[in-house]
1. Touching a residue at least 40 places away in the same chain (Cβ under 8 Å) and in contact with a strand residue (DSSP E or B) (Cβ under 9 Å, 6 or more places away or on another chain): is that true of ALA45 in this structure?
2. Consider VAL24 against the criteria (1) farther than 19 Å from ILE166 by Cα; (2) of a type in the set (A, V, I, L, M); (3) free of Cβ contacts under 8 Å to residues at least 60 places away in the same chain: it satisfies all of them except one. Which criterion is unmet?
3. Regarding GLN89, is this residue surrounded by 19 or more Cβ atoms within 10 Å (Cβ to Cβ), polar (S, T, N, Q) and outside any strand (DSSP E or B)?
4. In contact with a Ser or Thr (Cβ under 7 Å, 6 or more places away or on another chain) and loosely packed, with under 15 Cβ neighbours inside 10 Å: does that describe THR136?
5. Cβ contacts < 8 Å: first residue in contact (Cβ under 8 Å) with a residue 24 or more places away in the chain, restricted to region 81-102; second residue assigned to a loop (DSSP other than H, G, I, E, B) and of a type outside the set (A, V, I, L, M, F, W, C), any location; separation 6+ or different chain. Result?
6. Please state which one of ARG110, ARG144 is in contact (Cβ under 8 Å) with a residue 12 or more places away in the chain, among the charged types (D, E, K, R), in contact with a Phe, Trp or Tyr (Cβ under 8 Å, 6 or more places away or on another chain) and surrounded by 17 or more Cβ atoms within 10 Å (Cβ to Cβ).
7. Could you tell me which residue of region 1-47 is modelled with the lowest pLDDT, considering only residues that are closer than 16 Å to ALA69 by Cβ and assigned to a loop (DSSP other than H, G, I, E, B)?
Amino acid sequence: MGRLKQLLPYHNGTLIEHSIRQAVGAGFEPVVVVVGAEAAAVEAAVAAEPVAIARNAAWESGMGSSIAAGMRHVEGSDSDAVAVLLADQPLVTSRHLRAMARALEGTQARMVAAEYNGMLGVPALFKRELFALLATLAPEAGARQLLRGAREGISSYPLPEAAMDIDTPDDFEALTSAERDA
């Protein structure tokens with residue numbers, strides 16, 4: 001990307017602030033923001049938001065290490081489930097997240113994952129019984145390891161909006177130009 005994508009300007013704030021607002025709007029609590037690269041800048045950007053900060057000094061080792069860092073803040077809570085969200089999926093809304101939470105509550109499945117582009121991915125919600133596995137994921141694996149390894153116990157939630165993932169300047173330009181044209 002060339003710069004920290006979480007701090008790209010989006011909807012009267014940044015991508016990370018937008019993602020936090022969606023989680024809060026969905027009723028998720030606590031909301032834990034995992035910071036790694038340029039942690040101080042991200043922390044400053046979200047200082048006014050109702051979040052807990054989890055620092056991941058090993059962020060370069062992969063997504064699994066970030067999930068584990070976030071899980072250390074959630075394990076002691078009375079949460080029945082945890083959601084893994086990304087700041088670079090700006091079209092995922094609180095409405096989607098609430099619907100995914102209802103889907104998880106209404107199923108025997110242990111997790112609900114977004115389905116887009118013919119695959120399962122994040123955002124994904126996991127019941128408490130999976131907290132220990134999330135906390136011990138291989139650093140390079142991330143949640144996808146659980147999603148791909150689960151033949152049973154997973155429910156999919158159609159969410160084509162999650163396919164919009166901001167990884168390059170062109171992705172960000174496509175997002176902002178589509179919104180200008182709308």
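The values are calculated or read from the model by the stated rules, or taken from the named source; none is laboratory data. Keep in mind that this is a model prediction, so the values were computed, not measured. Counting neighbours? That spans all protein chains shown, and the Cβs are built from the backbone with ideal geometry, glycine included.
1. On the way: touching a residue at least 40 places away in the same chain (Cβ under 8 Å): no; in contact with a strand residue (DSSP E or B) (Cβ under 9 Å, 6 or more places away or on another chain): yes.
Judged against the criteria, ALA45 is not a match.
2. Of (1) farther than 19 Å from ILE166 by Cα; (2) of a type in the set (A, V, I, L, M); (3) free of Cβ contacts under 8 Å to residues at least 60 places away in the same chain, only one is false for VAL24: (3).
3. Values: surrounded by 19 or more Cβ atoms within 10 Å (Cβ to Cβ): yes; polar (S, T, N, Q): yes; outside any strand (DSSP E or B): yes.
Yes.
4. Numbers: in contact with a Ser or Thr (Cβ under 7 Å, 6 or more places away or on another chain): no; loosely packed, with under 15 Cβ neighbours inside 10 Å: yes.
Here the answer is no, as THR136 does not meet what is asked.
5. From residues that are in contact (Cβ under 8 Å) with a residue 24 or more places away in the chain, the pairs are LEU86/ASP165; ASP88/ASP165; ASP88/ASP167; GLN89/ASP165; PRO90/TYR10; PRO90/HIS11; ARG98/GLY27; ALA101/GLY27.
6. Details: ARG144 fails: in contact with a Phe, Trp or Tyr (Cβ under 8 Å, 6 or more places away or on another chain).
On inspection, the qualifying residue turns out to be ARG110.
7. Ranking the candidates gives ALA37 first.
Here's the yes/no breakdown for (1) not polar (S, T, N, Q); (2) not in a helix (DSSP H, G or I):
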{"residue": "ALA99", "(1), (2)": "yes, no"}
{"residue": "GLN108", "(1), (2)": "no, yes"}
{"residue": "VAL112", "(1), (2)": "yes, yes"}
{"residue": "LEU134", "(1), (2)": "yes, no"}
{"residue": "ARG148", "(1), (2)": "yes, no"}
{"residue": "SER155", "(1), (2)": "no, yes"}
{"residue": "ASP167", "(1), (2)": "yes, yes"}
{"residue": "ALA174", "(1), (2)": "yes, no"}
{"residue": "ALA178", "(1), (2)": "yes, no"}
